[in-house]
Every structure is written in structure tokens, then in C-alpha cells.
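Notes for the one structure printed next.
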Amino acid sequence: MVEQRRFTRTPIDVPVTFVEKNRTDVVEGRAKDVSVGGMFIATGHLVNFGTEVTVRVKLPDSKEELNLPAVVRWVRTDGMGVQFGLLGAKETHAITEAARRAKG
């Protein structure tokens, strides 16, 4: 399989929650990798390809929780890949720093 990501994902393992657009039920999962382009969320509650979600995550060494707009880009039995929408400077910096620290 040819890698099509613009940004290299960094392995992490942190709890996340996400909410589908126009829904109120909060779903739990675990972020297993992240980049400024997106993340893999391991979860038993899968949503359909193309679904808009808001991902809430507190990255390692981060002081605050981030709310990240995203779209589901692929789904498999153990989770789903999401692509982030437009991120602000704070969110971009937090993700970049978490990736940098994880690489050592």
C-alpha cells in the first residue's frame, strides 16, 4: 500500500472523546497516532466514512484539552482514521510539539 499522508504520524496512546456533528452523545476511544493532518482513533463505536466529528484530546505534556474538527476518512474493525479540518495556531502548535517530544 502506498503511503498517501502529507504528514508523518507519531505514535501516541492517550484517551480521546468524539462527538458526531449534530449529535450530543460523547463516544470514548484512544488516539494511537497523530499528526497535524489527523489521527487514528481506536474505538468500538465506529462511524461512517465522511462523518464530521469533533475530537477532544489532551495530548501528552499539554496543559489543556483540544477540540479538533475532523472528518472520518477510513474505518476498520478496531477504529478509524480522521483528517483534521482547519486548525488554529494553538492546536497546530500543540500537535507539532507532542510529535516532536514523542520522537525524542
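The values are calculated or read from the model by the stated rules, or taken from the named source; none is laboratory data. The model shown is predicted, which means the values in this text are computed figures rather than measured ones. In this analysis, Cβ positions are derived from the backbone assuming ideal geometry, glycine residues included, and neighbour counts consider all displayed protein chains.
List of remarks:
- Condition check for Leu68: part of a loop (DSSP other than H, G, I, E, B), of a type in the set (A, V, I, L, M) and surrounded by 14 or more Cβ atoms within 10 Å (Cβ to Cβ): no
- All positions within segment 73-104 that are more than 18 Å from Pro15 (Cα to Cα) and among the hydrophobic types (A, V, I, L, M, F, W, C): Trp74, Val75, Leu86, Leu87, Ala89
- Residues within segment 38-52 that are surrounded by fewer than 21 Cβ atoms within 10 Å (Cβ to Cβ) and hydrophobic (A, V, I, L, M, F, W, C), tallied: 4
- Pairs, first free of Cβ contacts under 8 Å to residues at least 24 places away in the same chain and among the small types (Gly, Ala, Ser) in segment 30-49, second surrounded by 19 or more Cβ atoms within 10 Å (Cβ to Cβ) and in a strand (DSSP E or B), C-beta under 9 Å, six or more apart: Gly44/Gly29; Gly44/Gly79
- Residue check for Met39: under 16 Å from Pro15 (Cα atoms) and in contact with a Ser or Thr (Cβ under 8 Å, 6 or more places away or on another chain): no
- Residue within segment 8-30 that is of a type in the set (A, V, I, L, M, F, W, C), more than 23 Å from Glu97 (Cα to Cα) and part of a strand (DSSP E or B) present: yes
- Within segment 47-59, the presence of at least one residue that is in contact with a strand residue (DSSP E or B) (Cβ under 8 Å, 6 or more places away or on another chain), closer than 23 Å to Thr96 by Cβ and not in a strand (DSSP E or B) is confirmed.
- Scanning segment 74-101 for residues that are assigned to a strand (DSSP E or B) and either surrounded by 13 or more Cβ atoms within 10 Å (Cβ to Cβ) or in contact (Cβ under 8 Å) with a residue 60 or more places away in the chain (or both) yields Val75, Gly79, Met80, Gly81, Val82, Gln83, Phe84.
Okay, residues lined up against (1) at pLDDT below 95; (2) in contact with a Pro (Cβ under 6 Å, 6 or more places away or on another chain); (3) not small (Gly, Ala, Ser):
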site	(1), (2), (3)
Gly37	yes, no, no
Thr43	no, no, yes
Val55	no, no, yes
Asp61	yes, no, yes
Pro69	no, no, yes
Val72	no, no, yes
Arg76	no, no, yes
Gly79	no, no, no
Gly85	no, yes, no
